[in-house]
Amino acid sequence: MDSSILFGIATLAYLIAMVLYISYLAFRKDGVGLAASIVTYAGLGIQTIALLMRWYESYQMGIGRAPLSNLYESLVFFTWSTVLIYVIVEYKYKTRAFGAFVMPVAFLALAFINVAPGIKADITPLVPALQSNWLLYHVFLSFISYATFGVAFAVSLIYLLMDTEERGPVVNFGYAAGALVVLVPLGHFFAGAGMMLKVFFWIGLGALAIAWFVYLVVAGARNKPQVYLFWSVCVTLAAGLLLAMGIDFLLYEIKGHLTEESFRKHLFESTFLSASQPVVAFSWAAVLSFFWLVWSQGMRLKAILKQFMPTQELIDDLTYRMIAIGWPLFTAGGLVMGAVWANSAWGTYWGWDPKETWSLITWFIYAIYLHARYVRGWKGTQMAIISAVGFIGVIFTYLGVNLVLSGLHSYGGME
Amino acid sequence: MEQQKGIVEIVSEKVWKFFSSVKLAVVLLIILAIVSVIGTVIQQNEPPEKYLQEYSAATVQLFEAIGFFDMYHTWWFVLLLFLLTANLTICTLDRFPRTWSIITARLKPIDDEGLKAVPFKKEIIFKGGMDKAEARASQALQAAGYRYLVSGGPGVHHLYSQKGAYSRLGVYITHTSIILIFVGALIGTFFGFKGFLNLAEGEPSNKVFLRNEPMWDKITAAFGIGEQKVIRDPRVGVPSMPLGFIIRCDNFEVDYYQNQGIPTGMPKEYYSILSVFDLEGRPIIDQRRIVVNDPLTHRGITFYQSSYGMIPGASGKIVLTVRPKNEASPGELVVLDPGASTYVRSIDRTIKAVGMAPFGYRDPATGQVRFLRSEELINPTVELEVYKGKSLLYKTYVMKADSGEPAMPENYTIRYDDYWGARYTGLQVTKDPGVWVVYTGFILLCIGPLIAFFGSHKKIWVRILDRKGHASITVAGSANRNRLGFEREFNRIAEKIAK
């Protein structure tokens, strides 16, 4: 028996747990909920053993290192810490309502790793710079904090949904969809039309997005339909990105590695950046219709969830607690230990490489969250929005930098 | 007589107010977060040709002018960081006295006015007299770990207690840590440097080439004051600086991960053996081994193992050990050039190194020696011919990592030791006198938030009033953090008193 079989069993356990948690929401039978919890505990236990075994196996292979150093292992570890934190929250808050949201993420992440052969499961040796005890602490604490931020994100989205009384007029959706319909071809055009235009287009788009975030944070509490729109965008973004990347992985593998180029060059090539116009059009149409589905059906989801969810205050408090735990861990493990390690390896504790910079940006966003809460006494909607934006930063720090940008932290990449 | 405020006072007051606002901090954080993105999208510090490949000439010019290619060191980015630090400092100075007076304030017994402002309250009627009630209350407080003060007069007893007042310092510790990190970074740029040194095996150096000159030297150079340490030789192009001692690379080696005893070409570890001498040549450090993650420091200057490479056109020396088979003996060291031969006295043979390949290996199945093309010395393999006088006795191959046994027909063995002098070690050299300030900041940055988020300044008051032989007990409490947790604790204590 080796670790990969155990990982398979854990994946299966998470699948069963996911089904049970969703049926718990649908049928509201306590027995089902209890079964869901037990299966989750079992899955977590098995995954823990599997992680330890993988560690042991690496020693047997004469490599000897903690299972935390490539994309495969970091995704497995991310899943593990998310489930662990979920289990703690379930126990502490005595509610199983969040299970139906967390377990699908855990299952999809594990299944995705297993299905996509682009992510190598082999225990590969480490380059000398990574052979440090700091690696273990740095990556371990970073991922625990990512997981707490992830839970905070999920809970914030639930808060935003619960916060909405009505979805607002169709005009709202029309604006958002219209913006997409206009921006997509424009972006497509500019992407091919010389560097200057491209740069300005993306900067402009970024500025628009940031302006919207700022507006939501400042005035969002009064404009609930806008917040609901933001919620729909977040859900679409999270689901859409995962799906598009999944398709990329699979096609990349089916086509085979014709060139020696890395996967990151091919990101979104099978969907949004495809060479074939109909595929691009179809991808964006799919995003739009998914967006519409989320936006139009959200209130129905809310009606179902309402019967299970604890009070709004509790959800808000949970978000805060997750960030209050995650932020110090991220500070100590992600930033400080990373800096100390870099200093012992390269003689520079801070080099502004993209991953460092993005983790600093994420750190800033959560710092804003904490200051808004402590100094200004903000609660509720605005906080949930900042928390959601913060997690977009986390996702970019974790995946975006490795896949899109380049730098010293290439170990998480696809090569 | 009222004094009119001078213009200086008004302006300084305004400036102080501006810098002490949290709004400014949040705005600066938002701006920094947004601006930082640019530098992650545009690759930093690339050669100009690369930018011209990616952007049009006009864009390159524009970006160059704004400083987007080395954004994190532009004056405006540093100014933003500086503003944030100034904001933090002044915020801290502005608020600290108030916090400190809250921390050091003597806790007073609670009165009716105070009771109105307290978030947690409980009224209990205790049938048993005031002294018994006080004993109860003191027991409950002690059990919960509160050390309390007592006061009172006729018909009224007060017990009051506080815990965790110093947790209010958590936020100041956090902010101070960030200020320290910034100050440490400034000390580093002013008085430290970053440089590099490529040393061939056996090569000494008394200077280092600079990437970042110490800012202080730049400033003194601009004013023409002070002693100039940086040497700007137009023939070299890169500024350099004397070390004040001599560093020598004695040896450099790379070990590769192996698969079935054959190196794979993926480096497992590389290391340099360095020796340090003073300027007169007296040895100070003898043969220290440095690897990635484990540097050597001498007089504040640290040498990091960072890269390596072959010296173009250089030929090294082959180092072999010849040892008798059935005798414990250190053997005889043989050093020869590729293609040359030498007479080995201890075995009365002449050894000729016919050829030298960077990557040879012994096929585990056939025992045949094969060669792969490589620029690096992955598994140096030497083809040897052994002569007695003029007559060839046998041929054999020796290599660094051998998956089998080389043919050694006579009663001695020849072992491959080194191919010395063809490689250089790439050292990153830095001096950063601010790093300990930064590290102190790091430690505080790890501690501060924990105290700030998980510590709580908790206060509990118990007032006992005489009501015709019974005691009317009022329990009140407040906490500045984690109210939900405190509420549970408060209820436990109140219950214990009431029971």
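Here, each number is a calculation from the coordinates, and none is a lab measurement. Everything numeric here is computed off the predicted structure, so don't read it as measured data. All Cβ positions, even for glycine, are placed from backbone atoms using ideal geometry, and neighbour counts span all protein chains on display.
Annotations
- Here's how it looks for B:Leu243: its modeled amide H is under 5 Å from those of B:Lys207, B:Val208, which are all 5 or more places away or on a different chain.
- Per DSSP, loop GluC sites (Glu not before Pro) in the stretch B:214-309 with at most 13 further Cβ within 10 Å: B:Glu227, B:Glu280
- Rg followed by Dmax, in Å, when the stretch B:1-86 is reduced to its Cα trace: 19.5, 72
- Largest first, the extents of the alpha carbon coordinates of the stretch B:188-259 on the three principal axes equal 59, 23, 22 Å.
- For the stretch A:318-393, the average shadow cast by the Cα convex hull is 5.0 nm², which is a quarter of the hull's surface.
- Sequence-separation-based contact order of the stretch B:110-210, relative, with Cα cut under 8 Å and 6+ spacing, percent: 13 percent
- Peptide A:367-373 - average C-beta neighbours from other chains (10 Å radius): 4
- DSSP-assigned coil residues among trypsin sites (Lys or Arg not before Pro) in the stretch B:85-167, each with at most 16 further Cβ atoms within 10 Å: B:Arg106, B:Lys127, B:Arg147
- Fewest-first sequence of B:His73, B:His457, B:His157 by Cβ atoms within 10 Å of each Cβ: B:His73, B:His457, B:His157
- Reachable lysines, given that their alpha-carbon falls under 27 Å from the alpha-carbon of B:Lys132 and they are not under 8 places away in the same chain: B:Lys108, B:Lys116, B:Lys121, B:Lys122, B:Lys163, B:Lys458, B:Lys459, B:Lys468, B:Lys496, B:Lys499
- Ordering B:Ile103, B:Leu333, B:Tyr416 by the projection of their Cα atoms onto the charge dipole of the protein assembly as shown, which places +1 on the Cβ of Lys and Arg and -1 on the Cβ of Asp and Glu, puts B:Ile103 at the extreme positive end.
- Shielding by partners for peptide A:350-357, expressed as the average number of C-beta atoms from other protein chains within 10 Å of each residue's C-beta, is 5.
- Simple spin-label estimate for A:Ala285 and B:Ser307 gives 5.1 nm between the two label positions (7 Å along the Cα-to-Cβ direction from each Cα).
- Compactness of the stretch B:81-130 as Cα Rg over 2.2 N^0.38 Å, two decimals: 2.05
- Total formal charge among the other residues, if their Cβ is under 13 angstrom from that of A:Arg28, Lys/Arg +1 and Asp/Glu -1: +2
- Cα point-scatterer Debye curve for the stretch B:100-222, base-10 log of I(q)/I(0) at q = 0.12, 0.15, 0.21 Å⁻¹: -0.70, -0.91, -1.27
- Solvent-free Debye scattering, log10 I(q)/I(0), computed from the Cα coordinates of chain B at q = 0.06, 0.07 Å⁻¹: -0.59, -0.71
- The residue list B:Asn379, B:Thr430, B:Ala58 was ranked by how far each Cα lies along the charge dipole of chain B toward its positive end, using unit charges on Cβ atoms, and B:Thr430 comes out on top.
- The fraction of Cα-Cα pairs per 5 angstrom bin, counted from 0 for the stretch B:38-142, comes to 2, 8, 10, 10, 8, 6, 5, 5, 5, 5, 5, 6, 6, 5, 5, 3, 2, 1, 0 percent, rounded to whole percents.
- All lysines inside 19 Å of A:Lys29 as judged from Cα atoms, apart from same-chain residues fewer than 8 positions distant: A:Lys94, A:Lys306
- Estimated from helices alone, the mean residue ellipticity of chain B at 222 nm is -11000 deg cm²/dmol (sum of -39500 (n - 2.57) over DSSP H runs with n ≥ 4, per residue).
- Peptide B:55-62 has a mean shielding of 3, counted as Cβ atoms of other protein chains within 10 Å of each residue's Cβ.
- Positive-end residue, the protein assembly as shown charge dipole about Cα centroid, Cβ charges, pick of B:Ala200, B:Ile31, A:Val217: A:Val217
- A simple spin-label model places pseudo-atoms 7 Å from Cα toward Cβ; at B:Leu333 and B:Trp216 they are separated by 4.2 nm.
- Both radii were evaluated on the Cα set of the protein assembly as shown; the Rg over Rh quotient, with Rh as the Kirkwood radius, amounts to 1.04.
- Computed label-point distance, nm, for sites A:Phe308 and B:Glu203 using a 7 Å Cα→Cβ extension: 6.7 nm
- If you take the alpha carbon atoms of the stretch B:386-499 and fit the smallest convex hull around them, that volume is 314 Å³ per residue.
- Counting only aspartates and glutamates at least 8 places from B:Lys5 when in the same chain, those with an alpha carbon closer than 19 Å to its own are B:Glu13.
- Loop-located trypsin sites (Lys or Arg not before Pro) in the stretch B:429-489 (DSSP state other than H, G, I, E, B) with a sparse environment of at most 14 neighbouring Cβ atoms within 10 Å: B:Lys468.
- Tail beyond 18 Å, pair distance distribution of the stretch B:87-166 (Cα, percent): 58 percent
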